[in-house]
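Beneath this line is the structure, given in structure tokens, with notes to follow.
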Amino acid sequence: MTSCSKFGEATTATEVTNTFSEQIKGKNILLVGASPNSLGEHIALSISRHSPSLLILASRTASKINTLISSIHAITPNSPVKSLTLDLSSQSSIRKAAKEMETLTSKLDIIINNAALNVPDCETTTEGIEMHFGTNHIGMFLLTNLLLPNVLLAASQSAIPGSTRIINLTSAGHRLSPIRFSDFNFLKKYEELPEEEKPPTGLPKALMDPEVTYSPFVAYGQSKTGNILFSVSLTERLKDRGVLSFSVHPGSIWTGLARNLDAQGQALIKTTGKVWKSGDQGAATAMVAAFDPKMNDMPGGYLADCQFAPAAEHATDPKIAERLWSLSEELVGEKFDMRGK
Ligand SMILES: NC(=O)c1ccc[n+]([C@@H]2O[C@H](COP(=O)([O-])OP(=O)(O)OC[C@H]3O[C@@H](n4cnc5c(N)ncnc54)[C@H](OP(=O)(O)O)[C@@H]3O)[C@@H](O)[C@H]2O)c1
């Protein structure tokens, strides 16, 4: 249960952060994915009104981070905001940014993994991993794990177990695909996939053509399944040390996410949202997940519209989460097992 049963679809991040102001005060918070006209903007503006000790904005485009910092300082001139530029599609860029974090802080109470991309064509990351999976999941996996010592330091100094958290922004689109362990780079046609890796039946051809190996929507869905499974594994590994992870579907918000899609793709996206939220509403569920003190005792979970919600089984099964953890370690060339260390 969350604290406020009245919070829902229409609730704004402004309302949520006003309610949990005490839980934001004094915290060191890292927001990954911060640009104007994105959920990151609304998350950053909401948090900065409530006196965090430090807000670090990490994102791909330095000029966009700086514009956002100016917007924050126009409202709260003394907000302690720092920037970190990184490209989640490049593991060397992520490793460089994690090193740079040493100059910013040794302690992170909250990480909000909000960045993601949505591209129409089959592209790969610097390391040759399908772009959505490689950036939205593998990039976040590497960054978060490299920063876990900072998170564990915060948890060890916190009087409140469960208040140190890692929030992964996902999407209802996770239902479009399980993790394709045998084909995460989308080289197989539908019929060639094992049953448990196939997208759900009955998808319109515009979303998935069984004759074509690559569907950007299904690929985005796979990466968003990765975000939920990552939260499952993080909570399993870290809950005894006072750290929890929650995954969040923000709802449908017209941000920059669809900017790379052609007119047909944009039209398709427009049909997916029953209710279109404002940016402030879209940022609300992540703020519940990050700061609601009633969730300190929860065993992790998936939230939508500011409440716990069911996610697809392919995104919540702890055995699949462990399998993804191993694959992710393989793809970043490093093992991360913080259990018992
Ligand atoms: N909007 C929706 O309706 C919706 C629905 C479901 C889930 N979500 C999820 O909500 C989160 C935020 O989405 P949004 O709608 O705010 O999207 P957005 O406007 O496109 O913002 C995405 C953010 O991620 C950053 N980013 C993208 N690629 C990056 C990379 N390679 N390295 C570092 N940063 C990168 C972007 O930076 P630049 O601007 O510099 O590229 C931007 O700050 C995502 O996880 C998304 O999957 C959104």
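Laboratory data are not the source of any read-out in this text; all were calculated from the coordinates shown. If you're wondering where the values come from, they're calculated on a predicted model, not measured in any experiment. Counting neighbours? That spans all protein chains shown, and the Cβs are built from the backbone with ideal geometry, glycine included.
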Check: Mean residue ellipticity at 222 nm from the helices of the chain, using -39,500 (n - 2.57) per DSSP H segment of n ≥ 4 over the full residue count, to the nearest 500 deg cm²/dmol?
Finding: -10500 deg cm²/dmol
Next item on the list: Using label points projected 7 Å from each Cα along Cα→Cβ, tell me how many nm separate residue 121 and residue 271, to one decimal.
Entry: 2.5 nm
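Tell me the relative contact order for the chain as a rounded percent, counting alpha carbon contacts under 8 Å between residues six or more apart.
Working: 691 pairs, mean separation 77.2, N = 341.
With pairs under 8 Å counted, the relative contact order is 23 percent.
Which three numbers, in whole Å and largest first, are the semi-axes of the equivalent ellipsoid of the range 111-183 derived from its Cα gyration tensor as √(5λ)?
Semi-axes, largest first: 29, 14, 10 Å.
Which order, highest average first, do 201-208, 51-58, 328-335, 220-227 follow once you tally other Cβ atoms within 10 Å for each residue and take the mean per peptide? Don't skip to the end; give the middle numbers.
On the way: 201-208: 13.1, 51-58: 21.5, 328-335: 15.2, 220-227: 27.5.
Ranked from most to least packed, the peptides come out as 220-227, 51-58, 328-335, 201-208.
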Check: Roughly how many debye, to the nearest 20, is the charge dipole of the range 13-332 about its Cα centre, given +1 on each Lys and Arg Cβ, -1 on each Asp and Glu Cβ, and no other charges?
Finding: 880 debye
Check: What is the magnitude of the charge dipole of the range 13-120 about its Cα centre, with +1 placed on the Cβ of each Lys and Arg, -1 on the Cβ of each Asp and Glu, and no other charges, expressed in debye to the nearest 20?
Finding: 240 debye
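Could you size up the charge dipole of the range 151-292 around its Cα centre, putting +1 on the beta carbon of Lys and Arg and -1 on that of Asp and Glu, and report it in debye to the nearest 20?
Values: 15 positive and 13 negative charges, 79 e Å.
Using Cβ point charges on Lys, Arg, Asp and Glu, the range 151-292 gives about 380 debye.
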Notebook entry, point to check: From the residues 281, 291, 143, which one has its Cα farthest along the dipole of the chain in the positive direction, the dipole being from +1 and -1 charges on Cβ of Lys/Arg and Asp/Glu about the Cα centre?
Noted result: 291
Next item on the list: Among 38, 218, 233, flag the residue with its Cα farthest along the positive direction of the charge dipole of the chain, charges on Cβ as +1 for Lys/Arg and -1 for Asp/Glu.
Entry: 38
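Mind scanning 198/224; 224/319; 25/294; 205/274; 198/239 and naming the pairs with a C-alpha gap bigger than 26 Å? List each step's numbers first, then the result.
On the way: 198/224 15 Å; 224/319 17 Å; 25/294 17 Å; 205/274 20 Å; 198/239 32 Å.
198/239, as the Cα separations exceed 26 Å there.
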Note to self: Using alpha carbons only, how many angstrom separate the centre of the range 246-325 from the centre of the range 191-223?
What the structure shows: 20 Å
Notebook entry, point to check: How much net charge surrounds residue 127 when only other residues with a Cβ under 15 Å from its Cβ are counted (Lys, Arg +1; Asp, Glu -1)?
Noted result: -4
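Would you mind putting 250-263, 4-17 in packing order, based on average other-beta-carbon counts within 10 Å, highest first?
Numbers: 250-263: 16.4, 4-17: 18.3.
By packing density, highest mean first, the sequence is 4-17, 250-263.
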Item checked: Leading residue at positive end of dipole, the range 13-332 (Cβ point charges), from 132, 67, 318 -> 67
